[in-house]
Amino acid sequence: MKINKLMTQLGNSVDAALITNDISRRYLTGMKSSAGLILATRDESYLLIDFRYYEEARRKVNDLEVVLLTDSMKQLNDLIHKHGVKCIAIEGTNMSVSELSLYQEKFPDIVFESTMLSKVLVKMRSIKSDIEIAKIEKAQRIAESAFLHILDFVRAGVTERDIALELDYYMLRNGAQALSFDTIAVSGGNGSSPHGVPTCKKIEKGEFLTMDFGAVVDGYHSDMTRTIAIGDISQRAQDAYYTVLDAQNKAIDHAVAGITGKDLDKVARDHIESNGYGDYFGHALGHGVGMEIHEEPRISPKSETKLLENMIITIEPGIYISREFGIRIEDMIVVGKKSNINLTNSPKNLIKV
Ligand SMILES: [Mn+2]
């Protein structure tokens, strides 16, 4: 039924939509494939898909007519004429210039509208259905059980790379179909780059270890970060940790429908600034999560987007002091009308191993 909703939201200025992007196609059909086209018209919608996926599509895809893809341009041409299509919305943010010129050359009488479709799809995807929320929650359960597992594995002398590999292996062994992104496990001075790459550096007593990781279930991603202490750490490092945690908790309290991305970002940023760490939080507070690890809405100082019920966002403030240490704490939140649900159950009080 997503396809009907899409056509309604596109309004009357176009009479068809041509979907060419893999993620959009999966979102609208519920089926993963590496090639294929959707042509949605006012009366009927078609999934043109090749032999490799045709049988599966016939079984799984109900709200589009499944057509065996043989000659895409000829088949599109037939459908365009059959439905009297004159203006087609295309995914401007995903289509290459050469692809667009090919369509324009093959269909000189058709007007291609390249901004609306991407916008409508991004907005639709940002608001999750109960089924989508359940998939993300399942992915998160796998990640947080990996976190519990890693607490037993981590000790001084183990390398960052071994920790990352252990997290990956655990998640894949316990139901993750893929990893959300390259797992981050960084310690000590290496932790001050937010997206640092795990190295062969051994973690040492007195350091922080930051782990940012996630699992994929049915195409939906999870995203979490925890920072833990190896042995005793300095008072200054502890203060910074609790500044990040308090900033995060404050922001979570404000993550309800109606607030803009920039106002939510400001809640955490103001707290970090007022504690003297304003220069050390150099990235956005969070982002939407779903079929892509980073999607709408953005929770950044520039984002005018208002949060809506059933958006899933991360809240991940940090403090990074060059060559000394880095701290980040990240939870995933389902936005509600007046409150929210935190999908991340892993403890946040400073853990010392
Ligand atoms: Mn994240």
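Any read-out appearing in this document is the output of simple, stated calculations on the displayed coordinates, not a laboratory observation. Predicted, not measured: the structure shown is a model, and the values here were computed from it. Cβ sites come from the backbone with ideal geometry, for glycine too, and all protein chains shown count toward neighbours.
Quick check on segment 182-340: take the gyration tensor over C-alpha atoms, sort the square-rooted eigenvalues as a ≥ b ≥ c, and tell me if it's rounded (a/c under 1.5), prolate or oblate.
oblate
Expressed as a fraction of 2.2 N^0.38 Å, the rule-of-thumb size for a compact globular protein of N residues, what is the C-alpha radius of gyration of segment 255-353?
It is 1.10.
What is the set of long-range amide H partners of residue 336 at a cut-off below 5 Å, with H atoms built 1.01 Å from backbone N?
So residue 336 has HN proximity to 257, 310, 341.
Taking each full run of DSSP H in the chain as one helix, which ones are at least 30 Å long along their axis (Cα atoms) and have mean Kyte-Doolittle hydropathy of at least -0.5?
For the chain, where a helix must reach 30 Å along its axis and average at least -0.5, the hits are 130-153.
Please report 31, 224 as a ranked list, fewest other C-beta atoms within 10 angstrom at the top and most at the bottom.
31, 224
Report, by chain and number, residues whose modeled amide H sits under 5 Å from the one on residue 65, excluding near sequence neighbours (fewer than 5 apart, same chain).
Amide H neighbours of residue 65, under 5 Å, 5+ apart: 45, 46, 47.
Can you compute the FRET efficiency between residue 4 and residue 181 using 1/(1 + (r/R0)^6), with r the Cβ-Cβ distance and R0 = 41 Å? Round to the nearest 0.05.
0.80
Taking a threshold of 26 Å on the Cα-Cα distance, which of the pairs 2/348; 135/337; 5/302 fall above it?
2/348; 5/302
Which residues among segment 22-44 fall inside the zone where the amide N is under 20 Å from a point 7 Å beyond the Cα of residue 58, along Cα→Cβ?
29-39
Run a plain Debye calculation on segment 2-125 (Cα atoms as equal point scatterers, no solvent) and give log10 I(q)/I(0) at q = 0.11, 0.16, 0.17, 0.20 Å⁻¹, rounded to two decimals, same order as the q list.
-0.32, -0.72, -0.82, -1.19
Just round it to a whole percent: the fraction of Cα-Cα distances in the chain exceeding 30 Å.
Of all Cα-Cα distances in the chain, 45 percent exceed 30 Å.
Go through segment 134-243 and name the GluC sites (Glu not before Pro) that are in a DSSP coil and have 13 or fewer other Cβ atoms within 10 Å of their Cβ.
204
Taking 2.2 N^0.38 Å as the expected size of a compact globular protein, what ratio does the Cα radius of gyration of segment 207-256 give against it, to two decimals?
Here the answer is 1.47, to two decimals.
Relative to the present Cα-Cα distance, how much length would full extension add between residue 152 and residue 338 at 0.36 nm per residue of separation?
Using 0.36 nm per residue and subtracting the Cα-Cα distance, I get 63.2 nm.
Do the sum for the chain: with -39,500 (n - 2.57) for every DSSP H run of n ≥ 4, divided by all residues, what is the mean residue ellipticity at 222 nm, to the nearest 500 deg cm²/dmol?
Taken over the chain, the calculation gives -12000 deg cm²/dmol.
Gap in Å between the Cα centre of segment 258-300 and the Cα centre of segment 132-151?
Taking the Cα centre of segment 258-300 as reference, the centre of segment 132-151 is 23 Å away.
So how far apart, in nm, are the two label points at residue 99 and residue 43 if each is 7 Å from Cα heading toward Cβ?
If labels sit at residue 99 and residue 43, their model points lie 2.8 nm apart.
Using the count of nearby Cβ atoms within 10 Å as a rough guide to exposure, how do 171, 291 rank from fewest to most?
291, 171
Just report the Cα centroid separation between segment 172-215 and segment 53-73, whole Å.
Each part reduced to its Cα centre gives a spacing of 41 Å.
Only counting other Cβ atoms within 10 Å, I'd like 60, 138 sorted with the fewest neighbours first.
Ranking 60, 138 by Cβ neighbours within 10 Å, fewest first, gives 60, 138.
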